[in-house]
Amino acid sequence: MKLSRYTIIEKNSNGNYIVFSTITRAVVMLKQKEFELLSNGIRSDCISDSEYVDLLNKHIIVDDELNEDNYVDFDVNYDRLTTKTFTSFIALSTLCNFSCSYCYEKGQVSLKNRMSKENIDRLIVWYKKMVTAGEYKTCHIELYGGEPLLFYEDLHYFLVNLKASLVDIGVSLELGMISNGYLLDREKAKFLVDMGLKETQITIDGVKEIHDVRRPLKNGNGTFDKIINNIKTNINSGISFVIRISFDSTNIKDIEELVKFLDRENIHKNIILYFAPIHQTYQQLTDNCSFCSKAVIKDDDIIIETMIKLYRIAQQYGYNIPYCYTDGPCMTVSKDSCLISPCGDLYKCVEMIDKKELCIGNALNGGYSSRYYDFVSAPILKKCLDNHCIFVTMCGGGCLMQSLMETGNINEPLCNKKMLERVNRALLRMNFDKV
């Protein structure tokens, strides 16, 4: 028996050891004597048989003869190639009612379209074919856009008919949604929950004065007040709200005021905060229309320290904060997972949309092309496994699109180890310092 190499270990203020498995995401607390014995491969009476089995199951300890690198190689590839849920992002339209300063779809004229009713019917047939062929029992769809609620009648038609089609073959429908939140009234929220909506991500980039400049309507009017009202109206609807706070050099100093505001509105215990640095996108880089080129924070140390600081602030105001931070593995390297554009084109990442050279087929015309296998063969993942990195289970090789921009090669790993290690150590200390 030995302590797993795939662990992050922190000592808290009570002298206990916080041990986190990067494989299972499990956390255990060990007293100093327990930790010292396990570190030396000694099992003693202070650890019961059931506790010992629990530590094995959580991959905190492993058998002496286990080659952990081989195990992780198998485990990571098994998980991504034998998925039990068919997962997709669907953009029935890429039109939007907002004009966000950093929108990665800016300049993509060919994207401004909407799926026809006839093609929605064909798409439902494709979904049924895919879940049947893969013997999936669950179909998870992230409603995406543009703004997924902009053409609500299309969305309503799609979900009602898709759910009926899946029920016929014994497959359940689960939904997530990435929305700007402006159109999410009580009626729409109830319908979406009935259809299977579990979680909605809404971006708010600061208090009213900041947010309304960064995320206005097409006509320039503000959006903050209506979004907050919609969240408050539907806070007990059964939807879990994830508030994404995107930060860059222009709003980084103002985010604490938003955290305070949400606390004063008394909704902070019902939402999850997600802090995300804005990054340069492939579209903005190639089309030279980038707000992000001016505002994106390029210093990794500043991004890391900002994220840690923001989570500390959130915790001080009573928000539930995550105990770990992951950056993948994303759907790019997973079997079947894809994004569907309004014309039916399939992509392995939301930022690839409309980049024909990265298209992996068409849902309305034959399904996957040979390009699909360039992604699911995952050479980028293999390179990380060969480097024996303990964070490969939490990033899957990094963002392929960022790799393409920075290296010119979509199969070159973009290492995010520094952020994963430092942010996770900080979150473990925040959550378990007094345990």
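The values are calculated or read from the model by the stated rules, or taken from the named source; none is laboratory data. Since we're looking at a predicted model, the values are computed, not measured. Ligands, DNA and RNA are stripped out before the accessible areas are found, and what is left, the full protein with its side chains, is counted by its heavy atoms. Shrake-Rupley method; radii C 1.70, N 1.55, O 1.52, S 1.80 Å.
So the values come out like this:
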item	result
Gain in span if fully extended, N67 to K253, counting 0.36 nm per residue against the direct Cα distance	62.3 nm
Relative contact order [Cα under 8 Å, 6+ residues apart], the chain, whole percent	17
Cα-derived Rg to Rh of region 290-378, Kirkwood definition	1.14
Two-decimal log10 I(q)/I(0) for region 337-435, as the Debye equation yields it once each C-alpha is a single scatterer, q = 0.13, 0.19, 0.23, 0.25 Å⁻¹	-0.58, -0.93, -1.14, -1.25
Calculated P(r) of the chain - Cα pairs past 41 Å, %	18
Cα-based convex hull, region 149-194, per residue volume (Å³, whole number)	68
Sulfur and carbon atoms: percent of accessible area, region 6-159 [1.4 Å]	51
Solvent-accessible surface (1.4 angstrom probe) belonging to K269, in square angstrom, nearest 10	140
Cα-based Rg of region 168-216 normalised by 2.2 N^0.38 Å, two decimals	1.51
Degrees separating the helix 224-233 axis from the principal Cα axis of the chain, which is the longest one	70
Placed amide H near E199: partners under 5 Å, 5+ positions off or other chain	M177, S240
Pairs from K11/K383; K137/K218; K382/K418 whose Cα-Cα separation, in the structure shown, is over 30 Å	K11/K383; K137/K218
Calculated from backbone phi, Karplus (6.51, -1.76, 1.60) coupling profile of region 214-221 in Hz, x at Gly/Pro	7, 9, x, 5, 4, 7, x, 6
Net length gained if the chain between Y152 and D168 were fully extended (0.36 nm per residue, minus Cα distance)	3.3 nm
Helical contribution to [θ] at 222 nm, DSSP H n ≥ 4, -39,500 (n - 2.57), averaged over the chain, rounded to 500	-11500 deg cm²/dmol
Note, ³J(HN,Hα) from phi for region 49-58, Karplus 6.51, -1.76, 1.60, rounded to Hz, x at Gly and Pro	4, 5, 5, 5, 5, 4, 5, 5, 5, 8
Accessible area (Å², 1.4 Å probe, nearest 10) - C359	20
Accessible surface, region 31-123, averaged per residue in Å² (probe 1.4 Å)	54
Table column - 3J(HN,Hα) (Hz), region 70-85, Karplus curve with 6.51, -1.76, 1.60, x for Gly and Pro	5, 4, 5, 3, 5, 5, 5, 5, 5, 4, 7, 9, 10, 4, 9, 10
Set K2/K33; K84/K417; K33/K309 screened for pairs whose C-alpha atoms are more than 26 Å apart	K84/K417; K33/K309
Distant-in-sequence amide H partners of G396 (H built 1.01 Å from N, under 5 Å)	none
Residues with amide H under 5 Å from that of I61, placed H, sequence gap 5 or more	S4, L56
Semi-axis lengths (Å, descending) of the ellipsoid that matches the C-alpha gyration tensor of region 1-144	48, 21, 12
Accessible area expressed per residue, region 377-421, with surrounding protein chains retained (probe 1.4 Å, Å²)	41
